[in-house]
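The numbers here are math on the coordinates, done by the rules we state, and not lab data. Every value quoted in this text rests on a predicted model; they were computed, and no experiment measured them. Here the Cβ is made from the backbone with ideal geometry for all residues, glycine too, and neighbour counts use every protein chain on show.
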Amino acid sequence: MKQRIHLYAIPYLVLLGLGFLLTLPFSGRAQVPAVHRDPGLASMVAQVSTDSLQEYLEDLVSFGTRHTLSPEEEGRGIEAARQYVLSRFQSFEAGSEGRLSATIDYFQVEPNGRRVDREVRMGNVMATLQGTDPEDDRVFLVSGHIDSRVSDIMNATDDAPGANDDGSGVVALIEMVRIMSQQPFPATIIFVAVSGEEQGLIGAAYLARRASEENWNLVAMINNDMIGNSASSGTNLRDNTRLRVFSEGIPLVETEQMAALRRSTNAENDSKSRQLARYIKEVGERYVDQLEIKLIYRNDRFLRGGDHTPFSREGFTAVRLCEMNENYFQQHQDLRMEGGQQYGDLIEHIDYEYLRKNTSVNLAVLASLASAPGVPQEVGVDISGLSNATRLRWKSPENGTARGYYVLMRETSDSMWKRKFYTEALEMELPYSKDNYFFAVQAVGANGAESLPVFPVPVR
Ligand SMILES: [Zn+2]
């Protein structure tokens with residue numbers, strides 16, 4: 001007798017087929033099993049608007065210069081710009097049911113014989129979105145720098161619009177605060193427009209030291225510096241489909257013990273910053289279309305640093321997001337025409353669609369991290385006895401509730417995690433040898449949001 005498909009089965013078969021098709025875009029790109037987009041998070045990402053980004057940026061460049069040493073004036077200079085960002089942050093407090101509070105964290109800086117030639121008051125503009133779980137002390141921090149410059153680093157008076165460097169990073173913060181302040185997250189998110197970047201990462205260094213001295217449970221820091229320019233100088237390249245994430249493989253600070261463990265477990269490509277970078281690529285590409293996130297295996301660009309670097313030096317997990325191609329006709333330039341070439345960081349060069357996508361990556365990653373449970377604790381790989389299987393075990397996170405865990409696996413030569421094995425247990429045995437693969441474990445919350453992955457240490 002011929003087999004016949006019952007009529008009622010057809011809708012189910014169609015659904016099955018659709019489900020398979022839906023997994024294709026994700027498995028084809030990140031090569032991990034499809035993980036669905038959380039609808040709440042996706043709807044926040046959809047609210048990121050080129051119109052609001054443009055409006056904030058037009059306001060920001062209207063202050064003429066935002067040089068760190070610019071004199072305090074009405075409507076001009078860095079202090080007026082700081083007050084503007086503060087007022088934007090504060091305008092979202094009312095809709096946040098008491099979760100959002102904004103302030104300027106001022107500090108005095110002495111002349112240092114380098115890029116600060118007089119005593120100056122600097123300030124970081126901070127918007128804190130308090131976590132809703134009183135037991136959860138985790139903090140996630142995202143930054144841009146409010147200061148700008150022209151060719152002469154000490155020129156505090158000429159127009160320095162800093163539209164891309166780093167107006168783009170600052171307006172991304174305002175847009176995120178607008179959207180995210182409407183939503184509760186169990187963990188705390190701090191959005192900060194730092195000062196003194198161009199004078200030597202001063203505001204970020206001050207904040208990193210403060211976080212360290214006050215023992216913040218700062219889980220991850222994301223620096224946005226130049227995320228709105230898509231045209232590369234000196235070439236015809238124009239690319240608004242790729243974003244770079246910089247992370248170091250070997251931590252900038254390590255104890256002897258940490259270094260020994262890294263060498264013995266071959267973890268030189270598995271620093272916490274590298275795990276954060278991979279997470280940004282996976283979650284960013286999951287929620288933002290037409291954008292590829294490029295892992296760059298450096299703390300920052302060649303021989304250069306940024307506001308995440310002082311955090312890395314304090315031992316925090318920190319990365320930099322930056323446009324794919326930089327434009328040196330615009331960056332750190334006096335406004336001028338020369339040989340038919342326009343120089344200067346002018347607002348007309350901003351690619352708002354690119355800025356929207358890059359802002360969306362930040363939002364998706366922060367919302368995912370702040371709504372996920374904390375990382376699994378004491379993640380270990382069993383080394384009692386030789387085996388071709390790999391046994392991993394761990395403990396529940398200290399913050400939030402995990403509904404389950406993913407064990408992640410990749411080839412030793414892979415850049416990204418390639419497979420995810422789900423379990424609700426606190427251990428897993430896999431028929432793959434720990435000699436031939438790298439593993440990590442991440443916790444998964446009720447809404448499907450994943451924690452950062454934890455690279456296991458050898459246990460018996
Ligand atoms: Zn910059």
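Observations on the structure shown:
- The radius of gyration of the Cα set in segment 402-451, together with its Dmax, comes out at 11.3, 34 angstrom.
- Spatially, segment 114-130 and segment 416-433 are offset by 45 Å when compared through their Cα centroids.
- Think of each Lys and Arg Cβ as +1 and each Asp and Glu Cβ as -1; about the Cα centre, that makes the dipole of segment 394-443 roughly 160 debye.
- For segment 229-252 and segment 311-350, distance of Cα centres in Å: 11 Å
- You can think of it this way: the chain between Ala42 and Ser233 has 65.4 nm of extra reach, that is 0.36 nm per residue less the Cα-Cα gap.
- Under the convention that each Lys and Arg Cβ holds +1 and each Asp and Glu Cβ holds -1, the size of the dipole of the chain around its Cα centre is about 2140 debye.
- Local electrostatic count at Trp417 - Lys and Arg +1, Asp and Glu -1, tallied over other residues with Cβ under 9 Å: +3
- For segment 263-324, chymotrypsin sites (Phe, Trp or Tyr not before Pro) meeting the loop criterion (DSSP other than H, G, I, E, B) and having at most 11 other Cβ atoms within 10 Å: Phe302.
- Relative to the current alpha-carbon distance between Glu338 and Glu429, full extension at 0.36 nm per residue lengthens the span by 26.3 nm.
- Shape box of segment 44-85 [Cα atoms, principal axes, largest first, Å]: 39, 15, 14
- Normalised radius of gyration (Cα atoms, divided by 2.2 N^0.38 Å) for the chain: 1.03.
- Cβ-derived FRET efficiency at R0 51 Å, Glu110 paired with Thr241, nearest 0.05: 0.70
- Normalised per residue, the volume of the convex hull around the Cα set of segment 91-138 (Å³): 108 Å³
- All C-alpha pair distances within segment 247-395, sorted into 5 Å bins from zero, spread as 2, 7, 12, 15, 17, 15, 11, 8, 5, 3, 2, 1, 1, 0, 0 percent across the bins.
- Pairs of Cα atoms nearer than 8 Å and 6+ residues apart set the relative contact order; for segment 170-267 it is 10 percent.
- Each other residue within a Cβ distance under 12 Å of Phe185 adds +1 if Lys or Arg and -1 if Asp or Glu, for a net charge of 0.
- Taking 7 Å steps out from each Cα toward its Cβ at Asp289 and Gln377 produces label points 4.3 nm apart.
- Relative intensity, log₁₀ I(q)/I(0), of segment 73-165 from a Debye sum that treats every alpha carbon as a point, q = 0.13 Å⁻¹: -0.59
- Bridge orientation summary for the chain: considering DSSP beta bridges with both residues in this region, about 65 percent are antiparallel.
- Based on C-alpha pairs under 8 angstrom that are at least 6 apart in sequence, the chain has a relative contact order of 16 percent.
- Cβ-based exposure ranking for Asp300, Asp51, Asp137, in which fewest neighbours within 10 Å come first: Asp51, Asp137, Asp300
- Over all other residues within a Cβ to Cβ distance under 10 Å of Asn327, the charged ones net out to -4, with Lys and Arg as +1 and Asp and Glu as -1.
- Ordered by the count of other Cβ atoms within 10 Å of each Cβ, fewest first, Arg88, Arg99, Arg460, Arg115 give Arg460, Arg115, Arg99, Arg88.
- Loop-located GluC sites (Glu not before Pro) across segment 86-140 with a Cβ neighbour count of 12 or fewer within 10 Å are Glu97, Glu119, Glu135, with loop assigned by DSSP.
- Here, segment 318-460 is characterised by an Rg to Rh ratio of 1.21, where Rg is the alpha-carbon radius of gyration and Rh the Kirkwood radius.
- Label point distance in nm, Glu348-Lys418, each placed 7 Å from Cα along Cα→Cβ: 5.0 nm
- For the chain, the number of Lys pairs separated by eight or more positions or lying on different chains, with C-alpha atoms closer than 28 Å, is 24.
- Sorted largest first, the spans of the alpha carbon positions of segment 67-113 along the three principal axes are 46, 23, 11 Å.
- Ordering Ala318, His67, Leu201 by Cα displacement along the dipole of the chain toward the positive end leaves Ala318 in first place; charges were set at the Cβ atoms of Lys, Arg (+1) and Asp, Glu (-1).
- Taken over the Cα atoms of segment 181-231, the convex hull encloses 120 Å³ per residue.
- Sorting Ile350, Ile250 by the number of Cβ atoms found within 10 Å of their own Cβ, with the fewest placed first, yields Ile250, Ile350.
- Take the convex hull of the alpha carbons in segment 103-229; its mean projected area over all directions comes to 8.5 nm².
- Taken over segment 148-195, the convex hull of the Cα atoms encloses 78 Å³ per residue.
- DSSP finds beta bridges in segment 84-206, and of those with both partners inside it, around 70 percent are antiparallel.
- Binned Cα-Cα distances of segment 264-318, short to long, each 10 Å bin given as a whole percent: 21, 45, 30, 4
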